[in-house]
Amino acid sequence: MKTNFTFAAIILFAAAFFTSCQTQNVASRFTSKYAKANAGKVYAQSSETVELGYAMLALTDFAQNDTNIVDHNSDYYAEVMNKFASFKNSKGVQQLNAQLSRNPGLAKSYVEGLYAFQMNNGRFGLKADYRIDLNKIDFKRYGALLENFYKEAAFHSFYMQHEGMYNGMVAKANNEFTLAAAQKTVNAQGYHIVVSPLAKGTTTMAIKGHAYTEGVIFAGIQAEKTQNTPAQVLASRE
């Protein structure tokens, strides 16, 4: 069934999990070249690293008990929980669960921090344009745990199997988030929209540089169901 997605709905859900504010969870290394290339533009994207981090978060008892953390109401969530159920007791999931259970506010730091990273040939690494040293989450430790989860759970295969779904969400975000619409959510010069079927509601952060501020919008867009190919179905059963 097709789900209507409107900017008004984004605003309605904006306060569901995190609040909009300038953040130190991700700091900048923006160059003048980067600022010039991104100013006045809106880029929507699906991030394998954010999706990986959300999957590990979804497996925690913390996220299962608090429905404001991860969207539980989708076939995709059920698929994630079923596919990676055997990793619920993995070191990464258990350590993340323990830390967030002690300090629930760190869920914001964790999700926002994921934006600054990328997967490169199976390695979890920091993007060149960002710093993470002020984040309250120790991503040096969690980076290794996420990298292990990525390899042991064959997460890349799962991510590629759902590429059509993610691309559909990116297309929706590109359609809804004009520059004027994005400017209503957070004050910045350029915007990156990050979509994830596990995101609950819509949250924002501002990454401030010397002469350029980047607005990041984590958009909780309900994905349309996609028909897996026979090869994808077989791969999901391995």
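Remark: spin-label model distance residue 74-residue 157 equals 2.3 nm, labels positioned 7 Å along the Cα→Cβ axis. Taking every protein chain into account, the 1.4 Å probe leaves residue 72 with about 40 Å² of accessible area, to the nearest ten.
Counting only protein chain heavy atoms and rolling a 1.4 Å probe, the accessible areas of 178, 60 rank, largest first, as 178, 60.
Normalised by the number of residues in the range 78-191, what is the relative contact order in percent for Cα pairs under 8 Å and 6+ residues apart?
Here the relative contact order equals 20 percent.
Near residue 123: Cβ cut-off under 14 Å, other residues only, Lys/Arg at +1 and Asp/Glu at -1. The net charge is +1. Measuring with a 1.4 angstrom probe and ignoring ligands and nucleic acids, residue 96 comes out at about 0 Å² accessible.
By the gyration tensor of its Cα atoms, with a ≥ b ≥ c the square roots of the eigenvalues, what is the shape of the range 122-197: rounded for a/c under 1.5, prolate for a/b over b/c, or oblate?
In terms of gyration-tensor shape, oblate.
Farthest toward the positive end of the dipole of the range 142-224, out of 190, 211, 159, is the Cα of 211, where the dipole comes from beta carbon charges about the Cα centre. For the range 55-170, just say rounded, prolate or oblate: build the C-alpha gyration tensor, square-root its eigenvalues into a ≥ b ≥ c, call rounded for a/c under 1.5, and beyond that prolate if a/b exceeds b/c, oblate if not. The shape class here is rounded.
The values are calculated or read from the model by the stated rules, or taken from the named source; none is laboratory data. Computed from a predicted structure; not experimentally measured. Positions of Cβ are generated from backbone atoms using ideal geometry, with glycine treated the same way; all protein chains shown enter the neighbour counts. Ligands, DNA and RNA are stripped out before the accessible areas are found, and what is left, the full protein with its side chains, is counted by its heavy atoms. Shrake-Rupley method; radii C 1.70, N 1.55, O 1.52, S 1.80 Å.
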